[in-house]
Amino acid sequence: CIDEFDKMREQDRVAIHEAMEQQTISIAKAGITTVLNSRAAVLAAANPAFGAYDDSQELESNLDLATTILSRFDLIFILRDLRNEELDAQIARHVMGLHTHAGAHTAGADADASDEIPIETLQRYIHYCRTRCFPRLTESAAVVLQAHYVKFRTQMRALEKEGGGGIPVTVRQLEAIVRVSESLAKMELSQFATEEHVAEAIRIFTVSTIESAKSGGLTMEGHVDGEVQTCEKLIKNRVLVSHHMSQKVLIDELCKQGLSEKAAKTAINILVQRDEFRLEKQNKYLKRLR
């Protein structure tokens, strides 16, 4: 579990790419060079860039995270603090109950506790699932997933042609759905991931990552629009190798040429991720490396 993921240093974010993408960790220290297997799942939480989620801004403006790292998560959920009087009252009652009834056991509490699974039993069950159960997709489930993948890509391609900004679904997202399907089967100690597991995995993926992308304009890796590509070319023509330039001045120049500020910032972010440029002096200046 990683809290404050948005505050992780840039070099640490780059280092975690290999573990999340290839499930391996390369070590080269004290004369030892080896590759270890990474068998841990990553659950990360990040805060909005401005302290609170701004519905008037797109998702990329609210999250100070690169597309390359976001695309490595199987599921992405947006949790917003909505102002709802009924929900606020319910949360307040729960928090106050933890303090006012701490250590107290009422008849109702005992009845509720009887339906709960003891932590030790749950831990042993999870350990058993992880070490003894290795489900695989059935042929029928694989056919359903394949058909859905082709259908979804066709729909997104049609949206792009209509100018609707379709959301690309690549093999990486397909593998994510497969992992979720197998995880659902593993929870049931099933040796096979069936069509029901695939359907539930698709539903979870749709209401999480796809809805997050639709609601905020999240750009997944592998999808770069023409305006961003134009910004990349202009930035490379404007800044020579080993030279510096103010990021603000560069963005202003691109905006004067009719390009959007969002496209300019996205292009800069992509160039930095490719190690073609580097941000210096508190991210105020941009230096071209190659």
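Give, as a single signed number, the net charge of other residues whose beta carbon lies under 12 Å from the beta carbon of Lys7, with Lys and Arg counted +1 and Asp and Glu -1.
That sum, taken over residues with Cβ under 12 Å, equals -4.
Go ahead and run the numbers for FRET between Leu82 and Val14, Cβ-Cβ distance against an R0 of 41 Å, rounding to 0.05.
Working: r = 34 Å, r/R0 = 0.84.
E(calc), rounded to 0.05, equals 0.75.
Roughly how much of Met187 is accessible, in Å² to the nearest 10, using a 1.4 Å probe?
Surface accessible to solvent at Met187 totals approximately 130 Å².
Quickly work out the Glu253-to-Lys233 label distance, labels modelled 7 Å from Cα along the C-beta direction, and quote it in nm with one decimal.
1.7
Around Thr138, what is the net charge, scoring Lys/Arg as +1 and Asp/Glu as -1 over all other residues with Cβ under 12 Å from its Cβ? Provide the component values of the computation, followed by the final result.
Details: positive: Arg136; negative: Glu139, Glu182, Glu195, Glu196.
Here the charged neighbours net out to -3.
How far apart, in nm, are the 7 Å Cα→Cβ label points at Ala40 and Leu289?
With each label point 7 Å from Cα toward Cβ, the separation is 2.7 nm.
Please report the net charge: other residues with Cβ closer than 11 Å to the Cβ of Glu276, K and R +1, D and E -1.
Here the count lands on +4.
Distance cut-off 31 Å, Cα to Cα: go down the list Lys29/Lys236; Lys29/Lys262; Lys256/Lys287 and report the pairs above it. Before the final figure, lay out each step's value.
Details: Lys29/Lys236 36 Å; Lys29/Lys262 41 Å; Lys256/Lys287 21 Å.
Result: Lys29/Lys236; Lys29/Lys262 exceed 31 Å.
Amide H of Ala193 versus every other amide H placed in the peptide plane: which residues, excluding those fewer than 5 positions away on the same chain, fall under 5 Å?
Long-range HN contacts for Ala193: Arg136, Leu137, Thr138.
The values are calculated or read from the model by the stated rules, or taken from the named source; none is laboratory data. The shown structure was predicted, so the numbers you read here are calculated from the model rather than taken from an experiment. All Cβ positions, glycine included, derive from the backbone under ideal geometry; neighbour counts span all protein chains shown. Each accessible area value is taken on the protein alone, full model and side chains, heavy atoms only, with ligands, DNA and RNA left out. Shrake-Rupley method; radii C 1.70, N 1.55, O 1.52, S 1.80 Å.
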